[in-house]
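First comes the structure, then the notes that go with it.
No value in this document is a laboratory result; all are computed from the given coordinates. Model, not experiment: these values are computed from the prediction. Positions of Cβ are backbone-derived with ideal geometry, glycine not excepted, and every protein chain shown enters the neighbour counts.
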Amino acid sequence: MLKLAAMNALIPLSIMAAIVGVIVAMFIVMSTLLGPNRRHPDKDTPFECGIPSEGFERGSMPVRFYVLAMLFIIFDVELAFLFPWAVVFRSLGLFGFIEMLVFFVIVGSGFIYAWKIGALEWE
């Protein structure tokens, strides 16, 4: 009986998701059909701040930049798990504390490893 009540609560959400999906599909189709399709060489040339570009003079970005950005995102997302834990900290008791201590050890060891191999240095 409880499962049926939980499923009934999902029906309005499913209907709303279907309506949103239809609207999004309609917008995509309408913009494809009604949007301008004429191409012009002036519109296809790259520009920056209204000034015609003279090419990419700096060359490609170093791989170190991408590694540092990925490490930042990984550690940022992992540490975002601290907020829900902090909200329910008192109700989790000792088990929750030990769980988070293990999490800190894993995240900390990954951070120390990245630091030791020089992935966090910017040259």
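Points worth noting:
- Low-density loop positions, chymotrypsin sites (Phe, Trp or Tyr not before Pro), region 60-118 - DSSP coil, at most 12 other Cβ in 10 Å: Phe81
- FRET efficiency estimate (nearest 0.05) - Cβ-Cβ, Val24 to Val63, R0 25 angstrom: 0.10
- Volume per residue of the convex hull around the Cα atoms, evaluated for region 73-123, comes out as 64 Å³.
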